[in-house]
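Only the coordinates and a few stated rules stand behind these numbers; no lab work does. Remember, predicted model here, so these are calculated numbers, not experimental data. Counting neighbours? That spans all protein chains shown, and the Cβs are built from the backbone with ideal geometry, glycine included.
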Amino acid sequence: MLVPWQQLRILILALTATIASTSLLLRPAADRAHLLVGTAVRPSLFSEAAYSATLSREFNMVEPEDEMKWWVVRRNEGTFDFHEGDEVVRFAQAHRMKVRGHCLVWDHHNPEWLVQGHFTPAQLSGLLQQHITTVMKHYAGQVFAWDVVNEGLDERGQVKDSPWYNQPGIGLRDKGTAYIEQAFRWAREADPQALLFYNEAEGEGLNGKSDAVYAMVKDFKRRGIPIDGVGLQLHISQLDFDTGAIAANIARLTALGLQVHITELDVSLPLDPRGLVRDDDLLRQAEVYRGVVRSCLQNPDCTATQTWGFTDKYSWIGYHSHGARGAALPFDAAYKPKPAYDAMLEEISRQWNRTQ
Ligand code: XIL
């Protein structure tokens with residue numbers, strides 16, 4: 001027969017074990033799983049109390065959605081404007097979050113003065129090196145990982161047309177991935193401590209594009225080109241997306257000695273004319289989120305899972321697809337967690353001890 005103090009002790013031990021193995025929130029669950037769980041953010045929304053409170057409560061990493069891109073930092077040729085990116089860094093520091101930087105080289109969203117400027121390859125080479133160096137030095141010690149090159153390949157796995165590659169390019173036109181390689185070399189020189197990522201869309205499972213990304217980074221690793229990881233964007237619009245293929249792709253990339261980050265996860269749903277989604281679609285969406293998070297957690301070198309925004313109130317999806325699709329994120333427009341949130345939390349809580 002147990003005396004009362006022994007009964008009390010057993011009760012306390014049981015309670016402690018329960019509290020340690022389940023969490024009601026994403027951020028503490030991710031901290032325990034040694035996983036970075038992040039989201040793209042818009043600093044103009046930090047003043048909205050629900051936005052900031054949800055963000056700092058649920059995530060341990062942020063990435064500016066647009067504020068470190070060329071078109072914001074380089075509105076004018078002669079100047080660098082860091083004030084919006086700096087706001088993200090300040091928010092992150094105040095809430096002990098990591099910052100991912102995005103992005104230094106992209107064919108999209110470059111300022112008019114650059115695209116229409118009729119620069120020679122030698123001038124463009126100088127501009128790009130100066131940009132990478134200045135931005136990375138500004139954020140050294142504050143941004144721990146950078147998407148150095150974003151979306152460099154097309155759906156056939158060929159190097160995409162870009163001001164940096166062939167329009168007119170930085171002098172490495174028709175030399176395949178050489179311009180991408182050059183950007184990584186400049187990035188390593190600029191901030192040797194930062195992790196350098198190649199970030200890509202629609203090459204996240206197993207297909208021609210992911211084969212081309214794999215071949216490129218394998219070649220980079222073999223020749224000692226400085227690269228630390230691959231970002232898998234994962235803007236998903238099919239509810240039958242094969243998340244098993246993501247795990248296979250992560251396995252082959254990490255086998256090269258690279259990290260993987262899930263960088264831009266969202267799963268858009270069809271909206272009816274009133275802008276509403278079907279309940280069963282929300283459940284199917286949750287299973288896609290679950291599959292992606294599980295693919296990452298299965299592999300200790302998949303170190304971050306990030307969504308592209310977190311509330312359906314603010315998402316690039318509705319905006320770009322004119323309202324026909326939306327509701328792609330883990331919180332609804334009133335900041336209420338959706339089944340997708342519950343699925344992420346369950347997966348992360350379940351694997352909290354993966355590195356112990
Ligand atoms: C998008 C932003 O979400 C929008 O606000 C902006 O208008 C365009 O860019 N892949 C990327 C991201 O790498 O930078 C894109 O972000 C979404 C697709």
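Please give the net charge around Val88, taking every other residue with its beta carbon less than 13 angstrom from that of Val88, where Lys and Arg add +1 and Asp and Glu add -1.
-2
Could you work out [θ]222 nm for the chain from helices alone, using -39500 (n - 2.57) per DSSP H run of at least four and dividing by all its residues? Round to the nearest 500 deg cm²/dmol.
Result for the chain: -13000 deg cm²/dmol, rounded to the nearest 500.
Apply the a/c threshold of 1.5 to the C-alpha gyration tensor of the chain and tell me whether it is rounded, prolate or oblate.
Values: a/c = 1.75, a/b = 1.65, b/c = 1.06.
Taking the square roots of the gyration eigenvalues as a ≥ b ≥ c, the chain is prolate.
Relative contact order for the stretch 134-218: what is it in percent, counting Cα pairs under 8 Å that are at least 6 residues apart?
Value for the stretch 134-218: 40 percent.
Among the DSSP beta bridges whose two residues both lie in the stretch 250-356, what percent are antiparallel, rounded to the nearest 5?
Just about 40 percent of them are antiparallel.
Please compute the length gained on full extension between Thr134 and Asp281, using 0.36 nm multiplied by the number of residues separating them and subtracting their Cα-Cα distance.
48.4 nm
Given Lys69/Lys175; Lys69/Lys137; Lys98/Lys336; Lys98/Lys137; Lys98/Lys160; Lys98/Lys338, which pairs have Cα atoms separated by over 20 Å?
Lys69/Lys175; Lys98/Lys336; Lys98/Lys160; Lys98/Lys338
For the chain, with only Lys/Arg (+1) and Asp/Glu (-1) charged at the beta-carbon, what is the dipole magnitude about the Cα centre, in debye rounded to 20?
In debye, rounded to 20, the chain gives about 1020.
Along the Cα-to-Cβ line of Ala94, 7 Å from the Cα, sits a label point; which residues in the stretch 49-77 have backbone N less than 14 Å from it?
49-57
Take every Cα pair under 8 Å in the chain that's 6+ residues apart, average their separations, divide by the length, and report that relative contact order as a whole percent.
In percent, rounded to a whole number, it is 17.
Provide the gained length on full extension for the span Asp240 to Asp272, in nm with one decimal, where the gain is 0.36 nm per separating residue minus the Cα-Cα distance.
That works out to 9.6 nm of additional length.
For the chain, give the share of DSSP beta bridges that are antiparallel, in percent and rounded to the nearest 5; count only bridges with both residues there.
Working: 4 of 38 bridges.
Of those bridges, close to 10 percent are antiparallel.
Between beta-carbons, use under 14 Å as the cut-off and find the net charge around Tyr51, counting Lys and Arg +1, Asp and Glu -1.
So the surrounding residues net to -2.
Compactness ratio of the stretch 87-192: Cα Rg over 2.2 N^0.38 Å, N = residue count?
Here the Cα radius of gyration is 1.14 times the empirical estimate.
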